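The values are calculated or read from the model by the stated rules, or taken from the named source; none is laboratory data. As the structure is a prediction and not an experimental result, all values here were calculated from the model. Don't worry about glycine lacking a Cβ; one is built from the backbone with ideal geometry, like all the others, and counts go over all protein chains shown. We work out accessible area using only protein heavy atoms, side chains counted, and drop any ligands, DNA or RNA first. Shrake-Rupley method; radii C 1.70, N 1.55, O 1.52, S 1.80 Å.
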Amino acid sequence: MTAQVFDTVLRKSERERVHIEIPFAPGDVWGEQPRYSVSGRLNGTSFHGTLEMSDGRYYLPVDKTLQTKASLKVGDAVTVTIKRAKPQEAKLPDALAAALEQNPTARAFFDGLTVFERNRYVEWVAEAKGAARNERIEVTVENLT
């Protein structure tokens, strides 16, 4: 995929989210997609993420971890190298994997979801502990069935 390189400034939105505005239309460069997974470098620091859109403009959210890793703060100039990438898939927790293997219908439906949708289920289950995690696994399998 064609990498794009540009200089910009790290900004904070009205909703207090830190981001970089993308100065080109991703669809014109990479073809129309429902969601753009991207990777690249911010001032030489590698990243992987997903573009967001608001008011017809695309943005790259820059979370606190990436800000720290790249030594960036709001208002800093940043050189961005960005290209379209395959979505990163979250690791399936062992207990969820076992539950899906016991229910082929749920597993087949889960496998048919987009990476983004699968990651939402995985993260929801993974953030819970103990009994809450088991309940979330049951709900997930039920919803997928």
> Which distance in Å, rounded to a whole number, links the C-alpha centroids of segment 119-144 and segment 89-113?
Replying inline: 11 Å
> Using alpha carbons only, how many degrees (0 to 90, rounded to 10) separate the axis of helix 115-126 from the longest principal axis of the chain?
Replying inline: 60 degrees
> Per-residue HN-Hα couplings for segment 71-78, Karplus 6.51 cos²θ - 1.76 cosθ + 1.60 at θ = phi - 60°, whole Hz, x for Gly and Pro?
Replying inline: 6, 10, 9, 3, x, 6, 6, 9
> Given H placed 1.01 Å from N in the peptide plane, which residues other than close sequence neighbours of residue 22 have an amide H under 5 Å from its amide H?
Replying inline: 58, 59, 60
> Using a probe of 1.4 angstrom, how much of the accessible area of the chain is carbon and sulfur, in percent?
Replying inline: 47 percent
> What is the magnitude of the charge dipole of segment 20-81 about its Cα centre, with +1 placed on the Cβ of each Lys and Arg, -1 on the Cβ of each Asp and Glu, and no other charges, expressed in debye to the nearest 20?
Replying inline: 300 debye
>> I'd like the accessible area for residue 127: 1.4 Å probe, protein heavy atoms, all chains in place, Å² to the nearest 10.
In response: 120 Å²
> Tally Lys/Arg at +1 and Asp/Glu at -1 over every other residue whose Cβ is under 12 Å from the Cβ of residue 111; what's the total?
Replying inline: -1
> Between (i) 15.4; (ii) 15.9; (iii) 17.2, which matches Kirkwood radius over Cα pairs in Å calculated for the structure shown?
Replying inline: (iii)
> If ligands, DNA and RNA are left out, what is the accessible area of residue 19 with a 1.4 Å probe, given in Å² to the nearest 10?
Replying inline: 20 Å²
>> Just to confirm a number: summing +1 for Lys and Arg and -1 for Asp and Glu over residues other than residue 99 whose beta-carbon lies under 13 angstrom from that of residue 99, what do you get?
In response: -2
> In the Gaussian network model of the chain, springs joining C-alpha atoms below 10 Å, which of 55, 63, 111 carries the largest mean-square fluctuation?
Replying inline: 55
>> Within 14 Å, Cβ to Cβ, of residue 85, how many net charges do the neighbouring residues add up to if Lys/Arg are +1 and Asp/Glu are -1?
In response: +4
> GNM, the chain, Cα, under 10 Å: largest mean-square fluctuation among 60, 42, 96?
Replying inline: 96
>> Rounded to the nearest 20 debye, what is the charge dipole size of the chain about its Cα centre when +1 sits on each Lys and Arg Cβ and -1 on each Asp and Glu Cβ?
In response: 440 debye
> Counting only the heavy atoms of the protein chains, how much of residue 11 is accessible to a 1.4 Å probe, in Å² to the nearest 10?
Replying inline: 120 Å²
> So what are the ³J(HN,Hα) numbers for segment 22-32, from phi and the Karplus equation (6.51, -1.76, 1.60; θ = phi - 60°), rounded to whole Hz, Gly and Pro as x?
Replying inline: 8, x, 9, 8, x, x, 6, 8, 10, x, 5
> Top mean-square fluctuation among 39, 54, 71, Gaussian network model of the chain, C-alpha springs under 10 Å?
Replying inline: 54
> For segment 1-88, what is the accessible area per residue in Å², given a 1.4 Å probe and the full set of protein chains?
Replying inline: 63 Å²
